[in-house]
1. Using 7 Å Cα-to-Cβ label points, what is the R560/V311 separation (nm, one decimal)?
2. As a footprinting exposure proxy, order E309, E491, E125 by other Cβ within 10 Å, with the fewest listed first.
3. Kindly provide the Kirkwood hydrodynamic radius of the range 405-448 in Å, to one decimal, from all pairs of distinct alpha carbon atoms.
4. Quote the FRET efficiency, to the nearest 0.05, computed for E208 versus D116 with a Förster distance R0 of 35 Å and r equal to the Cβ-Cβ distance.
5. Taking the chain as the reference, fit the longest principal axis to its C-alpha atoms, fit the long axis of helix 345-360 to the helix C-alpha atoms, and give the angle between the two in degrees, 0 to 90, nearest 10.
6. In terms of modelled amide H atoms, which long-range or inter-chain residues lie less than 5 Å from the amide H of V567?
7. Per 0.36 nm of contour for each residue apart, how much would the distance between R79 and A445 grow if the chain were fully extended, relative to their Cα-Cα spacing?
8. Can you list the chymotrypsin sites (Phe, Trp or Tyr not before Pro) in the range 267-351 that are in a DSSP coil and have 15 or fewer other beta carbons within 10 angstrom?
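The numbers here are math on the coordinates, done by the rules we state, and not lab data. All figures in this text were calculated on a predicted structure; none of them were measured in a lab. Neighbour counts run over all protein chains shown; Cβ positions are idealised from the backbone, glycine included.
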Amino acid sequence: MNKIFGGVGRGLAVCALAFLFAAARPAAATIHYEISLAHPDQHRFTVTMAIPNSGPQTTVALPAWNALYQVRDFAYRVRDVQVTAENKTPVAVRKLDKQTWQIGLLGAGAGGNVPDTMIVRYTIEWNEPGPFDSQLNDHHAFINFAEVLMYVPSRRAEDVDVTIASVPEGWKTIAELPAAQTPDSYSAASYDKLVDAPLEAGRFEEVEFESGGAHFRVVVDGKDWNKSHLEGSLRRITEYEIQLMSGAPFREYTFFFHIGSFPEAGGGGMEHANCTAIGGGTVDSVVQTSAHEFFHAWNVKRIRPQSLEPVDYTKEQFSRALWFAEGVTSTYSAYALERTGLWSKEQLYADLGAQIQMLASRPAHLWQSAEESSLDTWFDKYDLYGAADRSISYYNKGQLLGVMLDLAIRDATDNHKSLDDVLRRLNDEYAKQGKFYNESEGIRAVVEEVAGKSFENFFQRYVGGIEEIPYGNFLTAAGLTLKTEDVNRGELGFIPGGGPGGEIIVTSVNAGSAAEAAGIETGDTILQINGREAGHARGGLFGNLAPGETVALHISRAGREMDISYVAGTREERRYSIAESPGISERQRRIRQGLLRGTTD
């Protein structure tokens, strides 16, 4: 196993050059990094990068995006780039663009005095909470390496290692990476593998357990969390999803949790190949996110569209398949919660109704398809794009498409096959073979293999097209009914949407509403509403607001948490709910039980 023991910092910096050069031999091709935590109060990481066999000239760059499908230009945080040669030969630094530097010998190495190793030093400032960013402060450090470490574009496939230096007294470090030669140091087979494994440093707590033939580590930086509740819930989720996918694709997996109502908790979750980082206010909220993020160990990290490979850190990578990679992962997070008993079937039905209501409440569903939403995800950072009449969420519609596909496959095969079989087939045909599928067309081909019939109309109308999904036609196969009711309800005053990690984000604020007057802003993360955890807004959390009721929100904005209250107005709304139909046939009963239990006949 890739067992890593976190080393406790002693307040002393590891001597950069002594380690970097000693470790450079005999593995001279290994690129070495050191990240110093010496000044947490300044929120600045000091980075030293040693590039062996560098030659007279080379190029280094910092990714423009990572963790989110957003170009965020991490290089704007960089200060004081300096380069020296191991043999003291003068070196020039020339910036080529916003994220790329060319380094080379003055005089192009006249006299043949070419250094074996070049040393790049710089500082980079980070103090942003949550799993999608990096942070250094007096409380802890959390590092997404692609947001901090430069790379040599032509040498991404070479071995790398990283040492965390000047670790504050009492802190320890941990990452889902093999241990390197010294305390608080880790190695990886490539830059890509290194940056797919974040690191936590601080006074965190740890839990370990075995599940599904794999070893799990749980790293918790948090307050008021129940160990037995968290561990028991994670055991259920991991055992179920590993069994569903016929085995784990790793020997060890780490959950990084930031739990509690303090800035370091952040919100949402970020998947990695062998770990995930999740922030939330309570154990229940991070458990719900875990059901989603853990399934990403298969869907998107290994069952992956060709459009996302190889990763290009310099610009957007457009894909039409995020409705499946993310949305269908949400389908399975809901399934996992219900099939493990963490939810009741009524909660699953309520969640499905809430997802239908969320999509129906966004006028953009009349013109933006699930594929177009996938392509346009790079606009998510712009407030206007989040407006209900501008965009839909591929998480939301993709989750609905997943359930409808599942029902359609079960109906077509008399419950002998299901969407579970599609995921397993994708895992066998693509992930285990190191291959990548061709967007929605690749998904459709496997669906048709499993179902034994054409799904051309389904994909043309509801995935690539904008026809209304006839939910009732699909639900009836399982003896379920979609009910609608027009009601006067409280006016929330803003449109809630799903964030990149499943958290609830204010996507637009209604002009002239009480919410606008109270100070709610687009982009706010809703942590609690009327004392209840928002989580993923499961079970219609926003659907029971009465006219004139006080809306008490606990939100996060730019790393700060605050409370905002106002009185709800009144508006008419169509409410959606799922109910079990009476007097169903034996066939409908079998399909319903298969849906709820994750079984086939």
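1. 3.3
2. The order, fewest Cβ neighbours first, is E309, E125, E491.
3. Numbers: mean 1/r = 0.0929 Å⁻¹.
Taking every pair of different Cα atoms in the range 405-448, averaging 1/r and inverting gives 10.8 Å.
4. 0.25
5. Roughly 80 degrees between the two axes.
6. For V567, the qualifying residues are V551.
7. On the way: separation 366, 0.36 × 366 = 131.76 nm, distance 4.93 nm.
Length gained between R79 and A445: 126.8 nm.
8. F318
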